[in-house]
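The values are calculated or read from the model by the stated rules, or taken from the named source; none is laboratory data. It should be emphasised that the depicted structure is a prediction, and the values quoted were computed from it without experimental measurement. Positions of Cβ are generated from backbone atoms using ideal geometry, with glycine treated the same way; all protein chains shown enter the neighbour counts.
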């Protein structure tokens with residue numbers, strides 16, 4: 001069995017063979033995120049790791065600084081269409097380009113950029129399967145050279161169906177036609193760990209942690225049959241509306257990416273996720289082991 005949307009993923013073999021394609025644009029979207037001693041996440045740009053070495057032809061893109069709405073209290077909220085178009089155009093992305101994204105740590109930073117491009121109307125984007133770790137393990141070429149592409153005209157058209165807000169999630173609770181998926185680890189789903197304040201999960205949500213989706217040995221995504229089984233187990237694929245969430249709308253895009261590959265490209269990501277939800281005492285939450 002092959003992915004329903006194989007255009008959203010490329011192998012290291014494919015990328016190595018296409019490095020000299022003039023229409024190809026490669027981006028390292030790494031963000032370094034660690035849990036501090038106070039239980040809060042600390043964010044650091046991945047620029048230093050990029051400058052130490054990257055895939056030839058790859059440019060660095062700062063998700064927190066350049067592709068977030070910094071006027072919001074919450075981090076990593078979607079920027080405006082104009083801001084997104086300006087950044088991508090300045091990086092040389094236009095309608096005729098093919099984009100490949102990767103990250104040097106967790107793949108969700110790459111899938112976040114993949115999702116954002118689709119949100120703003122650009123579908124010709126793929127995630128590098130296995131990312132930087134697989135590229136390095138295979139002794140592929142590495143450089144410190146920074147590409148300089150001519151500016152392009154990026155036309156952003158917002159797709160609201162791929163984005164969920166708090167009201168959308170509230171409406172989905174108890175709706176038999178909808179499914180809310182928590183992409184966070186099980187300990188955060190049950191409330192054993194609570195880095196976002198209140199313990200537990202969004203009420204009526206199920207847990208499909210991103211760690212289930214990748215092969216632990218290679219970091220590549222699991223085959224379509226295994227991914228389908230993971231999501232079918234909880235009845236996800238039969239629902240008309242699927243919303244994914246996590247802590248801040250990052251890991252949630254990895255679940256959305258896997259679902260798109262197996263035939264559900266219509267998944268909405270709750271951008272505010274637990275950072276917004278847990279901060280509101282009126283939003284319903286559950287803790288403990290699911291019934």
**OP:** May I ask you to say which residue of 236, 224 is more than 13 Å from the chain's Cα centre (by Cα) and farther than 22 Å from residue 165 by Cα?
**Re:** 224
Original post:
What number of residues in region 192-211 are crowded, with 17+ Cβ neighbours inside 10 Å and out of contact with any strand residue (DSSP E or B) (no Cβ under 7 Å at 6 or more places or on another chain)?
Top reply: 3
Subject >> Conditions (1) in contact with a strand residue (DSSP E or B) (Cβ under 8 Å, 6 or more places away or on another chain); (2) surrounded by fewer than 15 Cβ atoms within 10 Å (Cβ to Cβ): number failed by residue 286 >> reply: (2)
Subject >> Boolean, residue 187 is surrounded by 18 or more Cβ atoms within 10 Å (Cβ to Cβ), closer than 22 Å to residue 278 by Cα and modelled with pLDDT of 95 or more >> reply: no
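I need the full set of residues from region 141-154 which are in contact (Cβ under 8 Å) with a residue 40 or more places away in the chain and farther than 25 Å from residue 254 by Cα, in order please. Talk me through it step by step, then tell me what you get.
Residues of region 141-154 that are in contact (Cβ under 8 Å) with a residue 40 or more places away in the chain, as a first pass: 141-147, 149-154.
Matches in region 141-154: 141, 142, 143, 144, 145, 146, 147, 149, 150, 151, 152, 153.
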**OP:** Answer yes or no as to whether residue 110 is in the same structural domain as residue 243 (by TED's automatic domain parsing) and modelled with pLDDT of 95 or more.
**Re:** no
Original post:
For region 259-275, does any single residue satisfy the condition of being surrounded by 21 or more Cβ atoms within 10 Å (Cβ to Cβ) and on the phi > 0 side of the Ramachandran plot?
Top reply: yes
Original post:
Within the bounds of region 61-75, is there any residue that is at pLDDT 95 or above and within 21 Å of residue 23 (Cβ to Cβ)?
Top reply: yes
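Within region 54-96, which residues are under 24 Å from residue 246 (Cα atoms) and in contact (Cβ under 8 Å) with a residue 40 or more places away in the chain?
Step one: of region 54-96, the residues under 24 Å from residue 246 (Cα atoms) are 61-81, 84.
If the condition is that a residue be under 24 Å from residue 246 (Cα atoms) and in contact (Cβ under 8 Å) with a residue 40 or more places away in the chain, then 61, 63, 67, 74, 75, 76, 77, 78, 81, 84 are the ones that fit.
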Original post:
Restricted to region 234-272, and to residues that are touching a helix residue (DSSP H, G or I) at 6+ places or on another chain (Cβ under 6 Å) and without any contact (Cβ under 8 Å) to a residue 60 or more places away in the chain, which residue is nearest to residue 221 (Cα to Cα)?
Top reply: 258
Original post:
Is it true that some residue in region 4-23 is modelled with pLDDT of 85 or more, surrounded by 11 or more Cβ atoms within 10 Å (Cβ to Cβ), part of a strand (DSSP E or B) and over 17 Å from the mean Cα position of the chain (by Cα)?
Top reply: no
Original post:
Which residues, counting only those in region 256-272, are under 15 Å from residue 5 (Cβ atoms) and over 8 Å from the mean Cα position of the chain (by Cα)?
Top reply: 258, 259, 260, 261, 262, 263, 264, 265, 266, 267
